[in-house]
Number of protein chains: 2
Amino acid sequence: MEGSTPRGRTRIQKEKREVILEAALEVFSTNGFRGSTIDQIAEAAGMSKPNLLYYFRRKEDIHETLMHRLLETWLAPLKELDNIGDPMTELRSYIRRKLEMARDFPRESRLFANEILQGAPRIMAMLEGELKTLVDEKVEVIKGWMRSGKVAQADPWHLIFAIWATTQHYADFDVQVRAVLGPDRGGEGRFEDAARFLEQLFVEGLRPKG
Amino acid sequence: MEGSTPRGRTRIQKEKREVILEAALEVFSTNGFRGSTIDQIAEAAGMSKPNLLYYFRRKEDIHETLMHRLLETWLAPLKELDNIGDPMTELRSYIRRKLEMARDFPRESRLFANEILQGAPRIMAMLEGELKTLVDEKVEVIKGWMRSGKVAQADPWHLIFAIWATTQHYADFDVQVRAVLGPDRGGEGRFEDAARFLEQLFVEGLRPKG
DNA sequence: CTAACGTTTGTCCAATCGGTCAAAAAATTG
DNA sequence: CAATTTTTTGACCGATTGGACAAACGTTAG
């Protein structure tokens, strides 16, 4: 090996790096970056600390790799929002996709939330760059819908925020949601209930007048 | 002094404890419990670490005191929601109050978010007890409104979640909101815009049909 | 002034932190 | 098989962590 950190050349390296990233996702998403230790991740990954550091030389490298992957997944649903179909159908399926992500990738959502809560020190450039550009673009799409009368007039930026907030809430605040709903209402069905409610809220809330 | 930790008897004790809590709120809300150090809090409070530990014997004690205070403030707006006035007016002012709290007490909101994100280890009992009871009670109020036809039929639990999510978003994800809105739209006016949007969303989204 | 009490600090400690390193063990290659 | 390379581990390091403690300092009442 000529380099310093193995670059996933061998089969073992690819596999072990995945195991580590999976374990790190679990640990980082519940404890945040500073609150997580390499030992915790190593234990969750079923290996010794020096062994883990053989695959990722620094704690930051793990977090960075995780973040890079996350952001790709995270922006995908918004990227799909486009002018092709019926506006309200597009919005409804965007909400549905975001809610499915909250259901299927809650740890990713919490990892992201942790980063933002801490002031986004590691992804600020991406927020002001790639994310802002993408949102600006989609805001124009939504403005077009509103001009054409297919969607009620409203602030498109805050519409996007509201969709993000309501859907990610079911991942980030999952513990609270389940505690409040109780054992009976708090089962897996809560996502169906949430989907129905949010569809109603946004569809009726954005139905064009007259 | 007969006890171990001073109990705010003297003037200095009351003052210094407040200074510490103020500093700890700042530190805990951005770094989480595990990610914060006593040294950080002591420095933010302008005193030495042993001096801080004279007023709060353990790091956990500071966090616990902060949490207890927070929860009282936090539940107040929901407690005020009652049957007296017009339903939609009640809902609108609840949303407004929650948004004002996100604007005026963002650190408290982030402290709470951090705790929930980490699985709410310290306040789980309160979530399943006091909070659930309160929400159950308010759900009945909202159900009454829906039965009387003043508010559209919808899931009251998820309505409450949606209000929590959309309003607290402006505190917890403030960095992202400001980054996406950019320098011009991201000023203090963003709360006015958010208030207008959310009022429209919930009022129209919950307007009874026919 | 002095005794008693409240406050502050410097020093210290054991535990834990992120990370290194050399050597052992395992896998791969010829 | 032996030689080489990759993987794993135990021991270790300096820095930081939460916290203890006694001594020093400040304040106040008699």
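The values are calculated or read from the model by the stated rules, or taken from the named source; none is laboratory data. What you are looking at is a predicted structure, and each value in this text was computed from that prediction instead of being measured. Every residue, glycine as well, gets a Cβ built from its backbone with ideal geometry; the counts of neighbours run over all protein chains shown. Ligands, DNA and RNA are stripped out before the accessible areas are found, and what is left, the full protein with its side chains, is counted by its heavy atoms. Shrake-Rupley method; radii C 1.70, N 1.55, O 1.52, S 1.80 Å.
Miscellaneous remarks
- Evaluated with a Cβ-only charge set (Lys, Arg +1; Asp, Glu -1), the protein assembly as shown carries a dipole of roughly 260 debye about its Cα centre, given to the nearest 20.
- Sorted from nearest, the other copies put their A:Glu15 label points 6.6 nm away, the label point being 7 Å from Cα in the direction of Cβ.
- Backbone N under 14 Å from the B:Ala76 label point (7 Å along Cα→Cβ), restricted to the range B:97-113: B:97-106, B:108-109
- Buried accessible area, chains B and A (both chains, 1.4 Å probe, Å² to nearest 100): 5100
- In the protein assembly as shown, the convex hull through the Cα atoms has an average projected area of 25.1 nm², a quarter of its surface area.
- Note, ³J(HN,Hα) from phi for the range B:163-179, Karplus 6.51, -1.76, 1.60, rounded to Hz, x at Gly and Pro: 5, 4, 4, 5, 7, 5, 3, 6, 9, 5, 10, 3, 4, 5, 4, 5, 5
- B:Val203 sits among other residues whose Cβ lies under 13 Å from its own Cβ, and their net charge, with Lys and Arg +1 and Asp and Glu -1, is +2.
- Between the range A:126-191 and the range B:135-210, the alpha-carbon centres lie 11 Å apart.
- Chain B has one residue whose beta-carbon comes closest to the axis relating it to chain A; that residue and its distance in whole Å are B:Gly205, 2.
- Position B:Glu137, label points 7 Å along Cα→Cβ, spacing to each other copy in nm (shortest first, one decimal): 5.0
- In the context of the full set of protein chains, residues of chain B present 46 Å² of accessible surface per residue (probe radius 1.4 Å, heavy atoms only).
- Residue-averaged [θ]222 nm for the protein assembly as shown, counting only DSSP H segments that reach four residues, each worth -39500 (n - 2.57): -24000 deg cm²/dmol
- Cross-link reach list, lysines versus B:Lys143, counting only Cα pairs under 17 Å and skipping chain neighbours closer than eight places: B:Lys79, B:Lys132, B:Lys209
- For A:Pro106, label point 7 Å along C-beta direction: distances to other copies, nm: 2.8
- Evaluated at q = 0.14, 0.17 Å⁻¹: base-10 log I(q)/I(0), Debye formula over Cα of chain B: -0.93, -1.18
- Couplings 3J(HN,Hα) of the range B:134-143, computed from phi: 4, 5, 3, 5, 6, 4, 5, 4, 5, 4 Hz, in residue order, whole Hz [Karplus 6.51 cos²θ - 1.76 cosθ + 1.60, θ = phi - 60°; x for Gly and Pro].
- Reduction of at least 30 Å² in accessible surface, 1.4 Å probe, comparing all protein chains with the chain by itself, residues of the range B:172-199: B:Asp172, B:Phe173, B:Val175, B:Gln176, B:Ala179, B:Val180, B:Leu181, B:Arg185, B:Phe197
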